[in-house]
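Asker: One structure is given below, represented as structure tokens, and several questions about it will come after.
Nothing in this text is a laboratory measurement; each read-out follows from the coordinates by a stated rule. Owing to the predicted nature of the structure, the values given are computational and were not obtained by experimental measurement. In this analysis, Cβ positions are derived from the backbone assuming ideal geometry, glycine residues included, and neighbour counts consider all displayed protein chains.
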Amino acid sequence: MQSPAPELTNPSVTDQINAILPQTQCGQCSYKGCKPYAEAIASGQADINQCPPGGDEGILALANLLGLAPKPLNPAFGEHKPDQVAFIVEEDCIGCVKCIAACPVDAIIGAAKLMHTVIAAECTGCELCLAPCPVDCIVLQPVSLMPSPEQKSERKRLSMRRYEARLQRKENEAIEKAERLKKQKAALLQKQIINHSV
């Protein structure tokens, strides 16, 4: 593996690398999202050829940015596929919400025990919703219209913002849950103290 020069570990290079990545947030590169993979590339811990959704185009752009020689996609991480989006076969959906929890960009909507649907314009085609579905009602379909470079760039920015918003929401939910548990424990402890003193 070729390592970028040490001066390339600054945040702006990480951001430049992240901007090149497809923002599918699929984890095929073995990192939990595009930004962690970008950080690993910038610090020399990951190679530039671990992103199947980015394919040869992404590898070439990363190589040019970092002054490295391009190389083929490492097949250990998967194969490049045409752009795709998830589609829920609604009559088969049981409303288990497992796909909603798995979607890294909140592109699936629905409620427990009700039908779910994919917002196709916001789906990154990451495939993370497929495995948790207990009834296999999610299929991937090729993108019907290929976006222009400008549209592709805007879609990546939107996916990045949605992913970051989801991470922030999850973090806030964890903090709120911890606070609720703390209050419940304090109330229980207070109740036990009152019961012992009676």
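Asker: Just how far, in whole angstrom, is the range 52-117 from the range 118-154 if you go by their alpha carbon centroids?
Answerer: Result: 6 Å between the Cα centres.
Asker: Now for a separate question. Show me, for the range 80-96, the HN-Hα J-couplings you get by feeding each phi into the Karplus relation (A = 6.51, B = -1.76, C = 1.60, θ = phi - 60°), rounded to Hz, glycine and proline as x.
Answerer: Calculated HN-Hα couplings, in order: 6, 10, x, 4, 8, 9, 7, 9, 9, 6, 4, 5, 9, 5, 9, x, 6 Hz.
Asker: Using the structure shown, select from K113/K177; K32/K177; K71/K156; K81/K156; K32/K113 the pairs with a Cα to Cα distance greater than 27 angstrom.
Answerer: K32/K113
Asker: Match the structure shown to one of the listed values (i) 17; (ii) 9; (iii) 32 of percent of Cα pairs over 31 Å apart, computed from it, and give that label.
Answerer: (iii)
Asker: Name the long-range amide H neighbours of I108: under 5 Å, sequence gap of 5 or more, or other chain; modelled H, no Pro or chain starts.
Answerer: Residues meeting the amide H criterion: I119.
Asker: Can you give me the long-range amide H partners of H116? Hydrogens built in the peptide plane at 1.01 Å from N, cutoff under 5 Å, separation of 5 or more residues or another chain.
Answerer: Under 5 Å from the amide H of H116: G95.
Asker: For the chain, with the dipole built from +1 on Lys and Arg beta-carbon atoms and -1 on Asp and Glu ones, taken about the Cα centre, which of Q151, H80, C103 lies farthest toward the positive end?
Answerer: C103
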